[in-house]
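The values are calculated or read from the model by the stated rules, or taken from the named source; none is laboratory data. Remember, it's a predicted structure, so these values are computed and weren't measured experimentally. No Cβ is skipped: glycine too gets one built from the backbone with ideal geometry, and neighbour counts run over all protein chains shown. Side chains included, ligands, DNA and RNA excluded: accessible areas come from the protein's heavy atoms. Shrake-Rupley method; radii C 1.70, N 1.55, O 1.52, S 1.80 Å.
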Amino acid sequence: MKSPLLSLPGAVPAEGRDEGVAAHYGDLFREQRALADGSGLVDLSHRGVVTVTGEDRLAWLHLLLTQHVSDLAPNQATESLILSANGHIEHALYLVDDGTTVWTHVEPGTQGDLIAYLDSMKFFYRVDVADRTGDFAVVHLPAGSIAEAPEGTAVRETAHGRDLFLPRADLEAFADAHGPAVGILAYEALRIEAHRPRVGFETDHRTIPHELGWIGTAVHLQKGCYRGQETVARVHNLGKPPRRLVFLHLDGSEVHLPGHGTPVRLAADGEEGRQLGFITTSARHHELGPIALALVKRNVAVDAELIAGDTAAAQETVVEP
């Protein structure tokens, strides 16, 4: 779904999974500094929006999600996962309940599969699941923003900022009043800096929550049964995940950033060495320079010098080995 904010001056369309919104509006580092300073807004209107209504909504979702939501207070933001039977991550849900409706946004284009799964699990519960992507756009306001959400708007407020579920028809007017608009590349750079994983970027078909540091933030360890819980409990209590998320400072002299899937190896072994992991997301940061997140084997030493493709990379620990 193409955003109307792509008509703003300087807008350059994003590609790949973020197609439909702006990558940037002509000055990537200025846009990053605006977000870091608590000004501007990010157009996330390409993300899927799903609502759940009905008096059983929280009790029902509690049975399906990795997060404890049965007693979720109105307007309290949380995040959760849906796992496969083997504990692999399928969906990440960023949600809030406004007292009558659970609002959640998910990765672009994934809402159809999510709704199909939720509908298949309704049974006798009094719930209604709806795709509201065509009616509502997600807009992100950074932490420190003084912009006010329109009355009646569902808002997820977190330490990183506020996600507004704004009527799609109001998107342009809200951006005019509370801009400047900031592109998705600036938003992603700050996400990488904060070590926050994203489904489809930091995940593949076998990723489990422990590898990305989602235990505690999106996975509650003291709640009842849900699909994939056996794997979560077994790894937490008896073992270690096979891989771990790391943050990388990349060599700033390189012109090109290593893209998603670029092999990560020990620097001492060179480009022909054994692959130990791969780049998940990379970006140019306004203060840190080129940075990335990567998934590497758990037994890679935390002080090992790495290379991503042919780019030198110094690691910081995100998930302990």
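Checking Val235 against (1) open to solvent by less than 30 Å² (accessible area, probe 1.4 Å); (2) assigned to a loop (DSSP other than H, G, I, E, B), which test does it fail?
Every condition holds for Val235 apart from (2).
Could you grab me the full set of residues in the stretch 154-185 that are hydrophobic (A, V, I, L, M, F, W, C), out of contact with any Leu (no Cβ under 6 Å at 6 or more places or on another chain) and part of a strand (DSSP E or B)?
Ala154, Leu164, Phe165, Leu166, listed by residue number.
Looking at (1) among the hydrophobic types (A, V, I, L, M, F, W, C); (2) more than 20 Å from the chain's Cα centre (by Cα); (3) within 12 Å of Ile184 (Cα to Cα); (4) open to solvent by less than 10 Å² (accessible area, probe 1.4 Å), can you tell me which one Val52 breaks?
Val52 satisfies all of (1) among the hydrophobic types (A, V, I, L, M, F, W, C); (2) more than 20 Å from the chain's Cα centre (by Cα); (3) within 12 Å of Ile184 (Cα to Cα); (4) open to solvent by less than 10 Å² (accessible area, probe 1.4 Å) except (3).
Could you look through the stretch 172-182, keep only residues that are out of contact with any helix residue (DSSP H, G or I) (no Cβ under 6 Å at 6 or more places or on another chain) and in contact (Cβ under 8 Å) with a residue 40 or more places away in the chain, and pick out the one that is farthest from Val246 (Cα to Cα)?
Phe174
Quick check on Thr203: is it touching a residue at least 40 places away in the same chain (Cβ under 8 Å) and touching a strand residue (DSSP E or B) at 6+ places or on another chain (Cβ under 6 Å)?
In short, yes.
Taking Leu288, is it under 25 Å from Arg33 (Cβ atoms), surrounded by fewer than 17 Cβ atoms within 10 Å (Cβ to Cβ) and in contact with an Asp or Glu (Cβ under 8 Å, 6 or more places away or on another chain)?
Taking the combined requirement at face value, the residue satisfies it.
Look at Glu55 and say whether it is charged (D, E, K, R), out of contact with any Asp or Glu (no Cβ under 6 Å at 6 or more places or on another chain), modelled with pLDDT of 95 or more and under 22 Å from Thr203 (Cα atoms).
Answer is no for this residue.
Of the numbered conditions (1) open to solvent by 60 Å² or more (accessible area, probe 1.4 Å); (2) of a type outside the set (S, T, N, Q); (3) over 24 Å from Leu166 (Cβ atoms), Arg196 satisfies every one except a single condition; which is it?
All conditions are met except number (3).
Determine whether the stretch 218-225 contains at least one residue that is under 26 Å from Ala301 (Cα atoms), in a strand (DSSP E or B) and within 21 Å of the chain's Cα centre (by Cα).
Taking every residue of the stretch 218-225 in turn, none turns out to be under 26 Å from Ala301 (Cα atoms), in a strand (DSSP E or B) and within 21 Å of the chain's Cα centre (by Cα).
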